[in-house]
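Just below is one structure, and these are the notes that go with it.
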Amino acid sequence: MKLNYSLDDMRLFWVVAQQGSFKLAAQHLGIPPSTLSRRINLLEQSLGLRLLHRDAHRVNLTATGLRYLERCGPLFIELNQVSGELHADKHQAVGKLRISAPINTTYRWLGESLNAFQRHYPNIDIDLSLSNMNIDVSENAIDIAFRVGEPKDPDWIARPLTTISFVLCASTSATQWHTLQSIEELELHPVIIAKPTKTWRLQHKNTGQNVEFEPRGNIKLAVDDMAIASQAVVAGLGIGLLPISMASEQIQSGKLVQILPEWQGIPRTAYLMYRDRDNLPLRVRLLIDFMLANPPEAY
């Protein structure tokens, strides 16, 4: 059966039934009473049934109108609730944020930043997924993603937050690696890889020369957690390219030494990523602004 009325006509009927008066309903809707009466008449004509009994002061539902209201009323109650929730999304600091971030980044600084954010906005909840592999942020309904290295999703907006520098390290006990003289010698020794990075991009501090070292047959351990990779280097299993902030702690404690000190890993940028520039829920915009206003120091 082809319907000659719209969902909006049904909503107008629902409002009239709620208000009990065309005058009050028209005031509530912000339309002339004559327009409202005409639209209800068209709805009744389309249905071929009378929904309302009218008199000079108020309207009453017919038995058919009551059945119609019982069926369509819950629909509009739910739509109003949804509209209210969407209004809250846009204008109130409430709701849940779904965030994706690397494990080590969260340990080093992001976790504390998110804690500070939630203390400031106590009605915003966070669902935090940690992985050093780049999950599909769209498929997993992620609001904000934190990534290290050049973004690979052109549809997402990427805002730089900080830079991470790296140094080549070996265990203090692994004295056989302390006297390496060139990058080429790395091919002769076992290395520890922190996935997903498989190529070490290095720069000479004095000459500015850039080289890429891609371990092939000498990977002793490949793991998607930088902390575990650091433990393996400390244990003497191989040479690692570690963040300066992590390595310096181990160097000061006497567990690691820096090798080939004239070479450093080319700094990698940590980004905050989100999908849309406009029409963001307020909670998403607040976290973006909070992180950009309180970026971590380079490490």
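The values are calculated or read from the model by the stated rules, or taken from the named source; none is laboratory data. Model, not experiment: these values are computed from the prediction. Positions of Cβ are generated from backbone atoms using ideal geometry, with glycine treated the same way; all protein chains shown enter the neighbour counts. Note: accessible area is taken over every heavy atom of the protein model, side chains too, but ligands, DNA and RNA are not part of it. Shrake-Rupley method; radii C 1.70, N 1.55, O 1.52, S 1.80 Å.
A few points about this structure:
- 5 angstrom amide H check on Ser129, placed H, neighbours 5+ away: Ile99, Ser100, Ala101
- Rel. contact order, % - alpha carbon contacts under 8 angstrom, at least six apart, the stretch 196-235: 29
- Rounded to 5, percent antiparallel among DSSP beta bridges of the chain: 65
- Working note: Karplus 6.51/-1.76/1.60 with θ = phi - 60° gives the stretch 197-202 the couplings 6, 10, 10, 8, 9, 10 Hz, where Gly and Pro are set to x.
- The candidate values were (1) 19.2, 67; (2) 31.4, 101; (3) 21.0, 70; the one computed from these coordinates for Rg and Dmax of the Cα atoms in Å carries the label (2).
- C-alpha long axis of helix 7-19 to longest principal axis of the chain, angle in °: 70
- Cα gyration tensor shape of the stretch 162-274, rounded if a/c is under 1.5, else prolate or oblate by comparing a/b with b/c: rounded
- The H on the amide N of Ala222, modeled in the peptide plane, is under 5 Å from the matching H of Ile193, each at least 5 residues off or on a different chain.
- In this view, the solvent-accessible surface of Glu249, computed with a 1.4 Å probe and all protein chains in place, comes to about 100 Å².
- Loop-located trypsin sites (Lys or Arg not before Pro) across the stretch 117-219 with a Cβ neighbour count of 16 or fewer within 10 Å are Lys152, Lys198, Lys205, Arg216, with loop assigned by DSSP.
- Cα centre as origin, Lys/Arg/Asp/Glu Cβ charges: the chain dipole, Debye: 1200
- Computed from backbone phi with θ = phi - 60° and the Karplus coefficients 6.51, -1.76 and 1.60, the 3J(HN,Hα) list for the stretch 70-75 is 4, 7, 8, x, x, 4 Hz; x is used for glycine and proline.
- Counting only protein heavy atoms and a probe of 1.4 Å, the accessible surface of the chain is 49% carbon and sulfur.
- Of all DSSP bridge pairs formed entirely within the stretch 157-293, close to 80 percent run antiparallel.
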